[in-house]
Amino acid sequence: MASLKALKVRINSVKSTQKITKAMKMVAAAKLRRAQEAAQNGRPYAERLEAVMASLAGRVGGVGASPLLAGTGKDQVQLIVVATSERGLAGAFNSNIVRAARRKADELIAQGKTVKFYIAGKKGRVLRRFFPDAILADHEMGHIKTVAFDDARAVADDLIARFLKGEFDVAHLFYSKFVSALVQEPMGIQIIPVPMPAKTAATGAAAVVEYEPDEESILAELLPRNIAVQIFRALLENAASEQGSRMNAMDNATRNAGDMINRLSIQYNRTRQAAITTELVEIISGAEAL
Amino acid sequence: MPLHFELVTPEKLLRSEEVHMVTVPGTEGDFAVLEGHAPFMSTIRDGQLLVQRTAGGAPEPIAIRGGFAEVSDKGLTVLAEHAD
């Protein structure tokens, strides 16, 4: 049986842990609201861009199309961009993304493809352990407090430059889709070459649109922007997912700490009671012996 | 008849309102959009968007950077990378 002193120390230590997890949960909840708002605010732009892409889709294409759209004609070197958070203690958030990325990588390797990784976010660095020779780059994101479009742009520009240099043929982006505060889903999407949205039936019948300068130049400007927007959206979803996941994890931790405090308190009281009883018995039997 | 004008950046939907006329800095020169403009799409250069709420009213400048403008039967939509 643990001594009273030891139990007391233990209870206090669990109590202070609980204080920390409770505070972290509260902070995550506050940040979640902001992150969710940011994710929602980003939606109109992405939707409109998609609509414009769709209306352009049928007009351009064929031989003269940009490599960002048509691809390199190969699919040998596959790049996996893994977007994770900078901090841990968010439940299974980061490991889910990394696991999804690893599964994809194993699948591609089994097909005989060359897989490379592009890490965006500190917690993706665990991939070094599994694929030490396949890390193409590690994009530093540590300084970012709230994700701005420029941060996504920086990643996109870097990716496009590498793509045009021929470092890879196809790029996939892995992140966590924010479904609700309780549910986050790891997701993988193809970002390069840009998957063209299906041409909607309505655009065919619409009035003739005049383009300035011309369709190709507009599309050429649109494609890198589309990639940046995809990455931006992924980063925003990630930010919201991270906070949601952390909120849950910390909620559970707080509850577990509470249970543990209850259990330890009962044990502490029992031990104390036992000590008092023993002491009384000693006094009484001592008095009787006289 | 007012023109429906929307200004969107990746970060948020900045404006969605009925205005009289908007002057957009297009890559190949400025152009102004009134209600009933023919469908049109243009990339934009960094510059100022001039929004006139009423005919003859003072134009309100909005600095924008990078993006493009689309005119459809629904009105004018400006997708800019930065705006303030």
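Report yes if residue A:36 is out of contact with any Gly (no Cβ under 7 Å at 6 or more places or on another chain), buried (at least 18 other Cβ atoms within 10 Å of the Cβ), more than 9 Å from every other protein chain (Cβ to nearest Cβ) and touching a residue at least 40 places away in the same chain (Cβ under 8 Å), otherwise no. Yes, satisfied. Among the criteria (1) more than 14 Å from chain B (Cβ to nearest Cβ); (2) under 28 Å from the mean Cα position of the chain (by Cα); (3) modelled with pLDDT under 85, the one residue A:201 does not fulfil is (2). Within the range B:60-84, restricting attention to residues that are touching a Ser or Thr at 6+ places or on another chain (Cβ under 6 Å) and of a type in the set (A, V, I, L, M), the residue that is farthest from the other protein chains (Cβ to nearest Cβ) is B:83. Residue count for the range A:102-120 under the criterion of being under 12 Å from residue A:170 (Cβ atoms) and buried (at least 20 other Cβ atoms within 10 Å of the Cβ): the result is 2.
Residue-wise test of (1) in a helix (DSSP H, G or I); (2) in the same structural domain as residue A:144 (by TED's automatic domain parsing).
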| site | (1), (2) |
| --- | --- |
| A:208 | no, yes |
| A:223 | yes, yes |
| A:227 | yes, yes |
| A:233 | yes, yes |
| A:240 | yes, yes |
| A:261 | yes, no |
| A:273 | yes, no |
| A:281 | yes, no |
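Right, residue A:228: over 30 Å from residue B:44 (Cα atoms) and at pLDDT below 95 or not? Here the answer is no, as residue A:228 does not meet what is asked. Does any residue of the range A:151-170 turn out to be more than 14 Å from chain B (Cβ to nearest Cβ), surrounded by fewer than 22 Cβ atoms within 10 Å (Cβ to Cβ), under 20 Å from the mean Cα position of the chain (by Cα) and part of a loop (DSSP other than H, G, I, E, B)? Checking the range A:151-170: not a single residue is more than 14 Å from chain B (Cβ to nearest Cβ), surrounded by fewer than 22 Cβ atoms within 10 Å (Cβ to Cβ), under 20 Å from the mean Cα position of the chain (by Cα) and part of a loop (DSSP other than H, G, I, E, B). Is it the case, given these coordinates, that residue A:60 is modelled with pLDDT under 90, in a helix (DSSP H, G or I) and among the β-branched types (Val, Ile, Thr)? No. Number of residues in the range A:1-51 that are hydroxyl-bearing (Ser, Thr, Tyr), within 30 Å of residue A:272 (Cα to Cα) and either assigned to a helix (DSSP H, G or I) or touching a strand residue (DSSP E or B) at 6+ places or on another chain (Cβ under 7 Å) (or both): the value is 4.
Every condition in (1) among the polar types (S, T, N, Q); (2) under 20 Å from residue A:187 (Cβ atoms); (3) in contact with a strand residue (DSSP E or B) (Cβ under 6 Å, 6 or more places away or on another chain) is met by residue A:114 except one, and the failing one is (2).
For the range B:1-59, name all the residues that are touching a residue at least 60 places away in the same chain (Cβ under 8 Å) and among the acidic types (Asp, Glu).
Step one: list which residues in the range B:1-59 are touching a residue at least 60 places away in the same chain (Cβ under 8 Å), which gives B:3-10, B:14.
Of everything in the range B:1-59, just one residue is touching a residue at least 60 places away in the same chain (Cβ under 8 Å) and among the acidic types (Asp, Glu), namely B:6.
Whether a residue is surrounded by fewer than 16 Cβ atoms within 10 Å (Cβ to Cβ) and either of a type outside the set (S, T, N, Q) or within 29 Å of the chain's Cα centre (by Cα) (or both) was assessed, and residue A:9 passes this test.
Using the structure shown, decide if residue B:57 is surrounded by 14 or more Cβ atoms within 10 Å (Cβ to Cβ) and either away from chain A (no Cβ under 12 Å) or not basic (Lys, Arg) (or both). Spelling it out, it is not the case that residue B:57 is surrounded by 14 or more Cβ atoms within 10 Å (Cβ to Cβ) and either away from chain A (no Cβ under 12 Å) or not basic (Lys, Arg) (or both).
Candidates are the residues of the range B:15-50 that are of a type in the set (A, V, I, L, M, F, W, C) and surrounded by 19 or more Cβ atoms within 10 Å (Cβ to Cβ); the one that is nearest to the other protein chains (Cβ to nearest Cβ) is B:41.
The values are calculated or read from the model by the stated rules, or taken from the named source; none is laboratory data. Source: prediction; values computed, not measured. Because the Cβ atoms are built from the backbone with ideal geometry, glycine has one as well, and the counts that use them run over all protein chains shown.
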